[in-house]
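Every number in this text was worked out from the coordinates using simple rules, so none of it is lab data. Owing to the predicted nature of the structure, the values given are computational and were not obtained by experimental measurement. Heads up, the Cβs are rebuilt from the backbone with ideal geometry, glycines too, and the neighbour counts pull from every protein chain shown.
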Ligand SMILES: [Fe+2]
């Protein structure tokens, strides 16, 4: 993927911001500025990535733009008609949308598992922060959704959980389970 200058600049700014004492606020501000003009950002972005497929359809695709111990930055393309499974990140996640609408479903931990909580639709131009104990699942509200997901840590180097879409049983996250746990929307 040829990375547009606007994303190269955003990655450089996030790397610096991730070292600040209040990295979360600093990166939220950078994200708000990035997605403010959705039309220009959309026009500058590379074509949508669609490499991830599940038994019920193609999910879209993730392109990791940068990852180190302090920050992971991913371009997330999401296609409609698939409900992706609940999972955690074990670190703060900051999501900014620049195209379409990403459906966000949430769960909270209970004494013996997890329980559904209120969700929301995240529209182009909006920014969402998910705390370190957050559990969410993404899909689209209708058509495609494109956004940037920033995590305050090394996302591929933590032992994360995924939850069965019907039983909500918790298991170690793997891409195989992720794809298997997708459901038709
Ligand atoms: Fe996630």
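The residue that is surrounded by the fewest Cβ atoms within 10 Å (Cβ to Cβ), counting only those in the stretch 91-111 that are within 11 Å of the ligand (Cβ to nearest atom) and touching a residue at least 40 places away in the same chain (Cβ under 8 Å), is 91. Of everything listed in (1) free of Cβ contacts under 8 Å to residues at least 60 places away in the same chain; (2) within 14 Å of the ligand (Cβ to nearest atom); (3) within 18 Å of residue 164 (Cβ to Cβ), the single unmet condition for residue 116 is (2). Just to be sure, is residue 158 surrounded by 21 or more Cβ atoms within 10 Å (Cβ to Cβ) and under 23 Å from residue 176 (Cα atoms)? Answer is no for this residue.
Here is the figure for the stretch 156-175: residues that are in a strand (DSSP E or B) and more than 27 Å from residue 127 (Cβ to Cβ) total 3. Considering only residues that are surrounded by fewer than 15 Cβ atoms within 10 Å (Cβ to Cβ) and touching a helix residue (DSSP H, G or I) at 6+ places or on another chain (Cβ under 8 Å), look in the stretch 41-63 and name the one that is farthest from residue 82 (Cα to Cα). Taking the candidates together, the pick is 44.
Counting the residues of the stretch 119-155 that are surrounded by fewer than 21 Cβ atoms within 10 Å (Cβ to Cβ), free of Cβ contacts under 8 Å to residues at least 40 places away in the same chain and assigned to a strand (DSSP E or B) gives 5.
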